[in-house]
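First comes the structure, then the notes that go with it.
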Amino acid sequence: MQRFLTRSLLSGLMATFLGAQAPAGRGIRPGDLDLSVPPCQDFFQYANGTWLKQHPIPADHASWGGFDELIDHNAEVLKGILEVAAQAGAPRGSLQQKVGDFFAAGMDTAAIAKAGLTPLKAELARIEGIRNGRQLAEAVARGHLLGLDAAFSFGVGPDDKDSATPIAQFAQGGLGLPDRDDYVAGDDQARALRARYHAHIARMFTLMGVPPALARSRAGIVVDLETRLARASMTPVELRDPQATYHRMTVDELRALAPGFDWKAYCETLGLKAETVLVRQPAFFRELGAMGALSLGQWKAYLAWNLVSGHASSLSAPFEAEHFAFYGTVLNGTPEPPPRWKRVLRATDGALGEALGRLYVDQAFPPEAKARVLELVANLRAALQARIQGLDWMGPATKEAALKKLAAFTVKMGYPDTWRDYDALEVTRASYAANLQRARTFEFKRDLAKLGRPVDRREWDMTPPTVNAGYNPQMNEIVFPAGILQPPFFDPKADDAVNYGGIGVVIGHEMTHAFDDEGRQYDAQGNLKEWWTPEDAKGFAARAERMVRQFDALEALPGLHVDGRLTLGENIADLGGLKVAFAAFRKAGAGRPQANLDGFTPDQRFFLGFAQAWHEQTREEYLRKLVRTDPHAPARFRVNAPLANLPEFQEAFGCGAGTAMNRPAGVRPEIW
């Protein structure tokens, strides 16, 4: 249930100058503006038009913008750290040895080529040797131990209605395409995608040594099996309802729901001892149970494909290239893969993110930067408090509960106070695939070990180098890794206008997630619990419906509309974040001289700082996928749509009635 500001979790690092050019900072960038576009017509284009013309999307990217520039800069910094670690000869078991050897093994392409499919042969043999339903369930469990999404998803997390207690959770999964509708939609694009997916799977089977005709047959089996899982899956919009995905039951009730799957064997293989579990989508597991009637041969084909596809990045070049050809080029339109060192760096951050974080955090996130951001957080919390107190549509009882929730926020800034212990994780230079398998199993077992203990509220779900931010409703916390706390989002030496327009809006965005259509259903302790009066809940829904209508009308591409319900939570947070950050900015500057800079007033610089932080362009293939699956609207709309609802923006740039950036008051969403 994590709420993320951005649509992906990629590695990043707070700026340290180790030969990499840092993203632009110290304020707005006048050279990026396109002054031929009136700001009241298309503010995103006005703020970023020249940058868009001068920065084509690199061949190894599906999109290119402020996040990507920062991620690429941070990758260069991390590369230097990892190369030093790989050459250091550090003591066995030290953090430097583990991250250095993990990276070095991933860069040893000769050893990876020589190994071929060998790292997976033992597990492939076990899959081929499945003779009954018990062994099938054991194979699914082993897949989960290896970090795979085989047949369904499993994990451990806080119980939505008892946030202090971890609980085993079963959820829909097992699909190789991004969205359930990719399997069931009847339009030409969906059919063409399924045909290319079938061809990709067949080529992967061929690389595994399967004869071409049999490879095509097995690919058809995989697509048919995944299609059954997809038809039983909830849609992305349905998944946004936390009440609809909360079904607590005993393990015996799960067995009765899906009797065709051997849950006893599955739990024994994992060492899972639980009497009560959460089943997120009962209809999905009912269908999974019915699929126990499929032949073992069908399941073997699916599990072999799932295993190899899930490890393709750690296998020899033909597997990795074929995997990228579909998932990189077909789905995202990216012509070329990133350089190998970037791919291995991301894997290192994913496997050993807090170990890597400890090697750089002192130089990456100085105390004065943390203090400055925490000051912004305090100012934004006060601004949101004032806005809640001043709402004319919310009654006193709901306001009191909302203010209690706001006061209970936990703020995680930069890096964890308690670092993760990697002592039990073995890392060597002998096999990249083996390192990846051990790291995934280590993480799975660490997750499983949470059962029977109180939820650790100190734990982080993002690594310190991550370029992202988030709100977690079950923890009632906002999280800001060091990776995002640098230009273009935050610069300790920039003026308040740009920082409040950049990281200030990010902070306000995450705070507002506590009160979006999903987050508002969780109380101050992170429990899924009704704390609104019926009248106030009805008033909120009516205001949110205006937001849905606004975004439903937006076209990302001709004929391809944004889904206002899928993106509702993020759109509420974007508008709320802007309102709260601007109010905090105004209060922070009250009583001080406000000078113009670069020819713009402080208010104008606030809005330009916001818009320029979101400069981005996206390949058409990737954009089509995002509109179907991403709860965030495209960047252009994340700038223009909320600003068009904001009187303070219209006043700053003189956008009169009838201009595109001034929506009529009668249709504007007014929530937080």
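The values are calculated or read from the model by the stated rules, or taken from the named source; none is laboratory data. Being a predicted model, the structure only gives us computed values, none of them experimental. Please note: Cβ atoms are built from the backbone with ideal geometry, for glycine as well, and neighbour counts cover all protein chains shown.
In table form, for the structure just shown:
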read-out	value
Which numbered condition Ala371 fails, given (1) touching a residue at least 60 places away in the same chain (Cβ under 8 Å); (2) farther than 30 Å from Asn527 by Cβ; (3) in a helix (DSSP H, G or I); (4) out of contact with any strand residue (DSSP E or B) (no Cβ under 9 Å at 6 or more places or on another chain)	(1)
Filtered residues of segment 390-405 (kept if part of a helix (DSSP H, G or I) and either within 21 Å of Ala542 (Cβ to Cβ) or in contact with a Lys or Arg (Cβ under 6 Å, 6 or more places away or on another chain) (or both))	Pro396, Ala397, Thr398, Lys399, Ala401, Ala402
Meets criteria (in contact with a strand residue (DSSP E or B) (Cβ under 7 Å, 6 or more places away or on another chain), surrounded by 23 or more Cβ atoms within 10 Å (Cβ to Cβ) and on the phi < 0 side of the Ramachandran plot) for Phe490	no
Tally, over segment 83-139, of residues that are touching a helix residue (DSSP H, G or I) at 6+ places or on another chain (Cβ under 8 Å), among the basic types (Lys, Arg) and assigned to a helix (DSSP H, G or I)	3
Scan of segment 383-415 for residues that are among the basic types (Lys, Arg) and within 26 Å of the chain's Cα centre (by Cα), ordered by number	Lys405, Lys412
Gly564, sole failed condition from (1) crowded, with 21+ Cβ neighbours inside 10 Å; (2) touching a residue at least 60 places away in the same chain (Cβ under 8 Å)	(2)
Single unsatisfied condition, Asp262 versus (1) surrounded by 16 or more Cβ atoms within 10 Å (Cβ to Cβ); (2) under 25 Å from Tyr183 (Cβ atoms)	(2)
Residues satisfying the stated conditions in segment 172-208, i.e. without any contact (Cβ under 8 Å) to a residue 24 or more places away in the chain and within 20 Å of Ala312 (Cβ to Cβ)	Ala199, Ala202, Thr206
Qualifying residue in segment 275-283 (condition: more than 27 Å from Gln169 (Cβ to Cβ) and in contact with a Leu (Cβ under 8 Å, 6 or more places away or on another chain))	no
Residue check for Gly209: surrounded by fewer than 17 Cβ atoms within 10 Å (Cβ to Cβ), modelled with pLDDT under 95 and either in a helix (DSSP H, G or I) or not assigned by TED's automatic domain parsing to the domain that holds Leu528 (or both)	no
Options Gly539, Gly502; residue that is assigned to a helix (DSSP H, G or I) and farther than 29 Å from Tyr246 by Cα	Gly502
Residue match in segment 181-192 (condition: under 30 Å from Leu448 (Cβ atoms) and outside any helix (DSSP H, G or I))	no
Residue match in segment 322-335 (condition: under 18 Å from Glu76 (Cβ atoms) and assigned to a helix (DSSP H, G or I))	no
Close pairs (8 angstrom Cβ cut-off, 6 or more residues apart or separate chains): at pLDDT 85 or above in segment 485-499, basic (Lys, Arg) and surrounded by 24 or more Cβ atoms within 10 Å (Cβ to Cβ) anywhere	Asp495/Arg605; Ala497/Arg605; Val498/Arg605
Condition met for Leu117 (within 25 Å of Gly350 (Cα to Cα) and surrounded by fewer than 18 Cβ atoms within 10 Å (Cβ to Cβ))	yes
Evaluation of Gln594 against (1) of a type in the set (S, T, N, Q); (2) closer than 22 Å to Asn499 by Cα; (3) surrounded by 20 or more Cβ atoms within 10 Å (Cβ to Cβ) (one fails), failing number	(3)
Condition met for Pro464 (buried (at least 16 other Cβ atoms within 10 Å of the Cβ), modelled with pLDDT under 95 and not aromatic (Phe, Trp, Tyr))	yes
Residue in segment 144-153 that is part of a strand (DSSP E or B) and either of a type in the set (Gly, Ala, Ser) or within 26 Å of the chain's Cα centre (by Cα) (or both) present	yes
Matching residues, segment 148-174, being surrounded by fewer than 19 Cβ atoms within 10 Å (Cβ to Cβ) and within 19 Å of His323 (Cα to Cα)	Asp149
